[in-house]
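Accompanying notes for the structure given below.
The values are calculated or read from the model by the stated rules, or taken from the named source; none is laboratory data. The structure displayed is predicted, hence computed values, not measured ones. Cβ coordinates were reconstructed from backbone atoms using ideal geometry, including for glycine residues, and neighbour counts include every protein chain displayed.
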Amino acid sequence: MKVSIDSKLPDDVTSIFAVMAKVCADANAINLGQGFPNFDCSDVLKEKIEHYLRAGKNQYCAMPGLYELRKVLADKANLAYGSDVNPNTEITITAGATQAISNIITSFVKPQDEVIIIEPAYDCYKPSIEICGGTVVPYVLKAPEFLVDWDAFKELISERTKLIVINTPHNPIGKTFKQHDMKALQDIVADKNIIVLSDEVYEHLVYDKQVHQSVLRFPKLYEQCVAVYSFGKTFHSTGWKLGYAIAPEYITKEIRKVHQWNVFSVNSFLQYALADYMQDPEPYLGLGDFYQQKRDFFNLVMQDCRLKPISCEGTYFQLFDYSELSQERDLDMAKRLAREYGVASIPVSPFYGDRSDGKVLRFCFAKTENVLSQAAEKLSKL
């Protein structure tokens, strides 16, 4: 007989990325939906990967990650954010940022705990919380400004609040937290037994002469924080699934307890290659200018389209408002654009717990100019 299963995720929701990937493939559409570049990583980096692969760096690394890589990342944190991070006790290399987020939530969230997330929220947060028996408490941002009212946010905190999840630069909306946002959050949690999980995977994709406001810039806030990063996002290689977490020693200690029983250690030869490659900071320090050019080019070629752009401050996603064109739901609109106009996007409503529909679609501009031009030409027929 079949065993009776009390599912931890009874809703059985299919990721919007899987849904739109199928629509895109069936329609043979240009894929501006899923968030991955259509260009490769640096040839220099690939040569270093091949070197360490051929050098036999194929066995287990240390559980927290290769020390040489953790040292480079500590130096990077100091260079970028002025943060004095200990590579031995505060940095853990993970099997991608998503695994890091899962480990962090698993480390601290217990049944009946509450976790505040800011919606629209990247879709891995909620199920990871629910698997641990936690309760999601959403703070809902409204299009097109997507601003946090920190006084209203503070009202969501209760005695059961264990974790707050923030994401800056923010996927899917492309907004960034400013210094005043981080200071407001710092004040809110200062006297509370709450950990802040800061998803910063797009840390270097910040535009218009702004700087990324990492939690690492705020020593008092950092005492209660863990920040998550992604090599795949930074080096145009999302399929690597390699990331890392930075947190004070007492928080890192708990995360590593879960990490060692989850994957123990991650991809070895990539760690050696990255430790070598990242001795030169220019590839990641120049990333903002690289992607700002793509953002600006995409918006330029989209000028003849009737979709209305919403300001993109960071990430490689551009939102467009279609409310003047149609009142159909965003998922229906996204499917129609793929099937009738040959361009795939991602609707924003699946990033809200209540599927709030602001008539907004997300397009990925991490593509070559010819692909962006072709997509814009198709969309200009709207």
Exercise. Can you find even one residue in region 212-223 that is in contact with a strand residue (DSSP E or B) (Cβ under 6 Å, 6 or more places away or on another chain), surrounded by fewer than 22 Cβ atoms within 10 Å (Cβ to Cβ) and either modelled with pLDDT under 95 or of a type outside the set (A, V, I, L, M) (or both)?
Worked result: yes
For this session: Collect the residues in region 335-372 that are among the hydrophobic types (A, V, I, L, M, F, W, C) and in a helix (DSSP H, G or I), keeping them in residue-number order.
Result: LEU337, ALA338, PHE351, VAL371, LEU372
For this session: State all residues of region 231-248 that are more than 21 Å from ASP75 (Cβ to Cβ) and part of a loop (DSSP other than H, G, I, E, B); if no residue qualifies, say none.
Result: HIS236, SER237, LYS241
For this session: Please specify each residue of region 102-122 satisfying the condition of being in contact with a strand residue (DSSP E or B) (Cβ under 6 Å, 6 or more places away or on another chain) and of a type in the set (Val, Ile, Thr).
Result: ILE104, VAL109, VAL115, ILE116, ILE117, ILE118
For this session: Could you grab me the full set of residues in region 296-328 that are closer than 30 Å to THR234 by Cβ, of a type in the set (D, E, K, R) and in contact with a Ser or Thr (Cβ under 8 Å, 6 or more places away or on another chain)?
Result: GLU313
For this session: Run down LYS233, LYS178, LYS209 and say which single residue is out of contact with any strand residue (DSSP E or B) (no Cβ under 9 Å at 6 or more places or on another chain) and at negative phi.
Result: LYS178
Exercise. Out of (1) free of Cβ contacts under 8 Å to residues at least 12 places away in the same chain; (2) surrounded by 12 or more Cβ atoms within 10 Å (Cβ to Cβ), what's the single condition that is false for ASP12?
Worked result: (2)
Exercise. Which ones in region 148-182 are of a type in the set (Lys, Arg) and within 29 Å of ARG295 (Cα to Cα)?
Worked result: LYS175, LYS178
Exercise. Out of curiosity, is ILE118 touching a helix residue (DSSP H, G or I) at 6+ places or on another chain (Cβ under 6 Å), touching a residue at least 12 places away in the same chain (Cβ under 8 Å) and within 30 Å of GLN318 (Cβ to Cβ)?
Worked result: no
Problem set entry | Subset of region 85-98 [crowded, with 20+ Cβ neighbours inside 10 Å and under 15 Å from GLU254 (Cα atoms)] | GLU90, ILE91, THR92, ILE93, THR94
For this session: Answer with yes or no whether PHE269 is closer than 17 Å to ASN167 by Cβ and either at pLDDT below 95 or buried (at least 18 other Cβ atoms within 10 Å of the Cβ) (or both).
Result: no
Exercise. Can you tell me which residues in region 121-141 are crowded, with 22+ Cβ neighbours inside 10 Å, touching a residue at least 40 places away in the same chain (Cβ under 8 Å) and either farther than 19 Å from LYS154 by Cα or in contact with an Asp or Glu (Cβ under 7 Å, 6 or more places away or on another chain) (or both)?
Worked result: TYR125, LYS126
Problem set entry | Elements of type helices (runs of 4 or more DSSP H) contained in region 249-325, each with 3 or more residues being without any contact (Cβ under 8 Å) to a residue 24 or more places away in the chain and either in the same structural domain as LYS367 (by TED's automatic domain parsing) or in contact with a Leu (Cβ under 8 Å, 6 or more places away or on another chain) (or both) | 287-301
